[in-house]
Amino acid sequence: MITLKDVGVAFKGTQGTINAVEKVNLSIDKGDVYGIVGYSGAGKSTLVRTINLLQRPTKGSVWVNGQNMLALSPKELRNARKKVGMIFQHFNLMDSRTVAGNIAYPLRKSGLSKTAIKEKVVELLELVGLSDKYDAFPSQLSGGQKQRVAIARALANDPDVLLCDEATSALDPKTTLSILELLKELNKRLALTIVIITHEMQVVKEICNKVAVMENGHVVENGDVVSIFTQP
Ligand code: ADP
Ligand code: ADP
């Protein structure tokens, strides 16, 4: 469902060119929980951002659901992006809006009626186990609860894929586990494909079926978690 073909990302700066990602080929199937691991600066975030064109590759092509993301018109790209949700390390919630307001935001952009939006927000809050936080503000929530709101918002337009950029790195171990449990449940219940950037091996072992290891912009190893972690 996601295919990266010879993907490269180069950043041109005053110090010269940085090849953040080079010649990456990767296939992610529907229902995969795909881990992207590697040291800081390896190119994980840049690579994953090419999937929704938050970062445009300077080489190669990106295919999502059979569509060449680089060949879409602006309108087609907006629609394709709705099918790719994303969550971040620091949640990126809007502090001046309530939980419901945050989750409703992408729905309003989709032009749904007020009643339909409210119904969907209630359903999403139930899905992430935060039904009692409809009117709360982000500042009133714990880190784990904030990430649950971010997950609900990311799922608002029923995406096929959820991209997670160090989504548990700001959380304590217990909360990390509870977020991973939720992601596992969403993977099963919604057949949601999940791509997880992490520097924590624990996260990979807990939830991923596939993994790619990045070093200096390259994927140096990839495949089933089981076979990669049992190599001599
Ligand atoms: P990781 O997610 O593995 O920590 P990143 O993808 O964030 O790695 O970064 C890979 C490399 O690209 C690093 O050298 C980083 O400094 C560089 N880089 C990332 N984003 C930019 C940018 N917008 N402009 C210039 N260089 C960047
Ligand atoms: P924290 O309370 O530290 O943020 P959690 O992310 O575990 O940690 O919990 C957030 C909220 O979600 C809590 O109100 C908790 O009761 C609720 N919750 C946790 N796990 C589930 C679950 N599997 N299903 C429904 N609700 C849950």
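Computed values, structure above
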item: Cβ pairs under 7 Å, 6+ apart, first in the range 163-182 and in contact (Cβ under 8 Å) with a residue 60 or more places away in the chain, second aromatic (Phe, Trp, Tyr); result: 165/88; 167/88
item: Checking residue 44 against (1) more than 16 Å from the chain's Cα centre (by Cα); (2) surrounded by 14 or more Cβ atoms within 10 Å (Cβ to Cβ); (3) basic (Lys, Arg), the condition it does not meet; result: (1)
item: Test: residue in the range 61-76 that is over 21 Å from residue 211 (Cα atoms) and crowded, with 17+ Cβ neighbours inside 10 Å; result: yes
item: Residues of the range 143-167 that turn out to be within 16 Å of ligand 1 (Cβ to nearest atom) and among the acidic types (Asp, Glu), as a count; result: 2
item: Subset of the range 113-127 (residues that are of a type in the set (D, E, K, R) and either away from ligand 2 (no atom under 14 Å from the Cβ) or under 22 Å from residue 89 (Cα atoms) (or both)); result: 114, 118, 119, 120
item: Among residues of the range 25-71, those that are within 16 Å of ligand 1 (Cβ to nearest atom) and of a type in the set (A, V, I, L, M, F, W, C), counted; result: 10
item: Residue that is modelled with pLDDT of 95 or more, in a helix (DSSP H, G or I) and within 21 Å of residue 180 (Cα to Cα), where the choices are 93, 70, 125, 77; result: 125
item: Among the candidates 136, 170, residue that is surrounded by fewer than 17 Cβ atoms within 10 Å (Cβ to Cβ), within 16 Å of ligand 1 (Cβ to nearest atom) and of a type in the set (Gly, Ala, Ser); result: 170
item: Answer residue from the range 173-209, given it is outside any helix (DSSP H, G or I) and in contact with a Gly (Cβ under 7 Å, 6 or more places away or on another chain) and is surrounded by the fewest Cβ atoms within 10 Å (Cβ to Cβ) among those; result: 191
item: Failed criterion for residue 22 (all others in (1) of a type outside the set (A, V, I, L, M, F, W, C); (2) under 21 Å from residue 207 (Cβ atoms); (3) assigned to a strand (DSSP E or B); (4) within 12 Å of ligand 1 (Cβ to nearest atom) hold); result: (2)
item: Test: residue in the range 188-208 that is farther than 18 Å from residue 85 by Cα, within 11 Å of ligand 2 (Cβ to nearest atom) and either modelled with pLDDT of 95 or more or not polar (S, T, N, Q) (or both); result: no
item: Residues (in a helix (DSSP H, G or I), more than 18 Å from residue 86 (Cα to Cα), within 11 Å of ligand 2 (Cβ to nearest atom) and not basic (Lys, Arg)) located in the range 128-168; result: 131, 132
item: Residue in the range 187-197 that is touching a residue at least 40 places away in the same chain (Cβ under 8 Å), within 15 Å of ligand 1 (Cβ to nearest atom), polar (S, T, N, Q) and within 26 Å of residue 21 (Cα to Cα) present; result: no
item: Of the criteria (1) surrounded by 14 or more Cβ atoms within 10 Å (Cβ to Cβ); (2) in contact with a helix residue (DSSP H, G or I) (Cβ under 6 Å, 6 or more places away or on another chain), which one residue 94 fails; result: (1)
item: Some residue of the range 13-30 being over 18 Å from residue 163 (Cα atoms), free of Cβ contacts under 8 Å to residues at least 60 places away in the same chain and of a type in the set (Gly, Ala, Ser); result: yes
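The values are calculated or read from the model by the stated rules, or taken from the named source; none is laboratory data. Small disclaimer: the values here were computed from a predicted structure and weren't measured. Heads up, the Cβs are rebuilt from the backbone with ideal geometry, glycines too, and the neighbour counts pull from every protein chain shown.
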